[in-house]
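To start, the structure under review is shown below, and the notes come after it.
The values are calculated or read from the model by the stated rules, or taken from the named source; none is laboratory data. Not measured: the values here are computed from a predicted model. Neighbour counts are summed over all protein chains in view; Cβ atoms, including those assigned to glycine, are modelled from backbone coordinates with ideal geometry. Note: accessible area is taken over every heavy atom of the protein model, side chains too, but ligands, DNA and RNA are not part of it. Shrake-Rupley method; radii C 1.70, N 1.55, O 1.52, S 1.80 Å.
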Amino acid sequence: AALKDGLFSQVSAALKEGRVTPTELCHRCLALIKSTKFLNAYITVAEETALKQAEESEERYKRGQPLGILDGIPIAVKDNFSTAGIETTCASNMLKGYISPYNATVVQKLLDQGAVLLGKTNLDEFAMGSGSTDGVFGPVRNPWSYSKQYKEKSVPKSHSEDEESNWVITGGSSGGSAAAVSSFTCFAALGSDTGGSTRNPAAHCGVVGLKPTYGLISRHGLIPLVNSMDVPGILTRCVDDAAVLLGSLAGHDPKDSTTIQDDFRPFEVPNLTDVSKLSIGIPKEYHAPGLSSEILALWSKAADLFKNAGAKVVEVSLPHTRYSIVCYHVLCTAEVASNMARFDGLEYGHRSDMKDSTESMYAATRREGFNDVVRGRILSGNYFLLKQNYEKYFVKAQKVRRLIANDFVKVFRSGVDILLTPTTLSDAAPYTEFIQEDNRTRSAQDDILTQAANMAGLPAISVPTALSERGLPVGLQFIGRSFQEKQLLTVAKWFEKQVQFPVIQLEEVKRHDNGVFQHQKSASFS
């Protein structure tokens with residue numbers, strides 16, 4: 001019932017009526033974080049700060065003056081957002097122990113509305129990866145690895161094989177945030193999305209992952225990966241909650257010149273009853289190599305769902321999509337090389353003990369502070385930016401990026417309202433299988449369906465759709481017109497209602513919170 005009308009509104013009503021207090025809610029979430037510690041979803045748990053914020057919220061409720069729907073709601077934040085007084089590491093040795101003197105704009109906006117910050121979530125080092133397996137604090141485990149649904153379907157290859165070797169990845173790089181929401185330890189979390197880093201783990205963890213239009217939400221305080229593509233992402237359990245968080249975070253920020261100048265009006269997502277006026281585009285290029293037959297079948301079923309409900313479903317072409325992953329790689333590494341230059345051991349973060357010369361200290365600091373993945377991307381980026389390569393690679397990639405963005409413009413001008421695509425090529429891979437390939441290969445495969453929306457700056461959302469034959473979540477992606485988040489979320493909410501995705505049956509959570517999070521009926525869609 002709570003998921004039907006949006007969890008935030010239900011919890012907010014319970015807080016107002018005194019059925020639960022913010023402190024009780026905070027204690028419950030902290031207990032769940034401890035009981036699900038094996039997931040490795042959090043890098044830092046800010047227990048003291050969270051309880052203090054919850055007590056302040058409780059005082060406001062007692063006075064009858066809550067700050068809004070988010071007052072007293074426990075949330076988590078990916079550990080690449082700056083947080084005053086709480087360590088910000090980016091899951092790297094380079095920033096271990098670094099405490100920012102200020103809050104990222106999005107974090108400050110949440111705190112200003114009374115949200116309770118539980119802690120910072122795990123990720124790939126500096127958000128470079130698609131599995132949340134390459135951070136210095138170790139890999140994040142997908143909560144669905146320990147679900148009743150997965151355990152019933154997964155057959156160990158040998159009698160000796162157990163949960164320890166059978167767990168699956170969360171996707172990345174915002175895997176900690178997705179796992180935190182999926183395992184009920186918080187009600188929502190912030191991620192970042194550069195090439196799919198919010199939508200990919202959302203699909204693998206069975207939660208909603210929203211990447212807003214570039215410029216709609218401030219990047220100030222988000223430690224940059226690729227400035228021209230980075231967007232703060234939103235992870236929630238339902239579309240209505242994503243809309244609430246978007247309304248709280250969107251709008252102009254004088255500290256980020258790339259944000260929109262216009263005021264953003266928060267909106268409630270309407271209940272769509274008639275889809276006959278909708279035109280849904282199915283991009284043929286998203287039938288990509290490596291797309292599993294299971295996801296292809298779900299994609300077709302979803303298209304039929306819209307068609308049978310009266311919507312116009314048309315096949316469309318985005319011809320430059322096939323160049324997008326190569327183009328993305330060039331632009332991503334070039335901007336990474338530029339952004340990582342600030343970590344030199346002089347101003348903040350790790351500093352090597354090497355004292356031979358300034359140059360040797362720089363080199364030793366970066367060798368000790370960065371992992372192989374980060375160093376590899378810096379080397380690639382600097383190669384593309386060399387004087388003799390600049391025109392050949394970087395400038396050409398920028399031109400191709402324009403063509404990719406124009407493809408979307410043409411399709412939307414043709415009358416298509418929303419594009420429907422898969423989010424990932426398959427369901428979540430077992431960790432032992434995932435690490436057989438290197439980070440760059442995996443990222444190229446896993447970003448293939450998501451990064452084009454970042455290159456074009458368009459809003460996109462991954463909605464959990466069904467469980468795979470292995471009992472793991474599968475998500476589908478909706479891509480909308482620029483700054484048309486209301487239309488995108490309205491369609492996503494309609495779809496969410498049709499598919500009735502089942503809630504995870506997590507024994508560890510049920511023991512601690514028996515009866516609070518009742519699972520829904522099995523997915524009728526699958």
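General observations
- Among (1) on the phi > 0 side of the Ramachandran plot; (2) open to solvent by 10 Å² or more (accessible area, probe 1.4 Å), the one test that GLY215 misses: (2)
- Leading residue by the ranking (most open to solvent (accessible area, probe 1.4 Å)) among those in region 453-462 that are among the small types (Gly, Ala, Ser) and over 17 Å from ALA203 (Cα atoms): ALA456
- Lone unmet requirement of (1) over 22 Å from THR89 (Cα atoms); (2) of a type outside the set (A, V, I, L, M); (3) open to solvent by 10 Å² or more (accessible area, probe 1.4 Å) for PRO224: (1)
- Residue in region 380-396 that is surrounded by fewer than 20 Cβ atoms within 10 Å (Cβ to Cβ), of a type in the set (Gly, Ala, Ser), modelled with pLDDT of 95 or more and not in a helix (DSSP H, G or I) present: no
- Region 84-99 - residue that is more than 16 Å from ALA127 (Cβ to Cβ) and modelled with pLDDT of 95 or more and, of those, least open to solvent (accessible area, probe 1.4 Å): ILE86
- Residue check for ASP353: without any contact (Cβ under 8 Å) to a residue 40 or more places away in the chain, outside any helix (DSSP H, G or I) and either surrounded by 19 or more Cβ atoms within 10 Å (Cβ to Cβ) or out of contact with any Ser or Thr (no Cβ under 9 Å at 6 or more places or on another chain) (or both): yes
Residue by residue, here is whether (1) assigned to a strand (DSSP E or B); (2) within 24 Å of LYS312 (Cβ to Cβ); (3) modelled with pLDDT of 95 or more; (4) touching a Lys or Arg at 6+ places or on another chain (Cβ under 9 Å) holds:
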{"position": "THR421", "(1), (2), (3), (4)": "yes, yes, yes, no"}
{"position": "ARG442", "(1), (2), (3), (4)": "no, no, no, no"}
{"position": "ALA453", "(1), (2), (3), (4)": "no, yes, yes, yes"}
{"position": "THR465", "(1), (2), (3), (4)": "yes, yes, yes, yes"}
{"position": "LEU476", "(1), (2), (3), (4)": "yes, yes, yes, no"}
{"position": "PHE483", "(1), (2), (3), (4)": "no, yes, yes, no"}
{"position": "THR490", "(1), (2), (3), (4)": "no, yes, yes, no"}
{"position": "GLU496", "(1), (2), (3), (4)": "no, yes, yes, no"}
{"position": "GLY515", "(1), (2), (3), (4)": "no, no, no, no"}
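- When ASP407 is tested against (1) modelled with pLDDT of 95 or more; (2) open to solvent by 70 Å² or more (accessible area, probe 1.4 Å), just one condition goes unmet, and that condition is (2).
- Test for ALA311: is it within 22 Å of the chain's Cα centre (by Cα), among the aliphatic types (A, V, I, L, M) and either farther than 24 Å from SER100 by Cβ or modelled with pLDDT under 95 (or both): no
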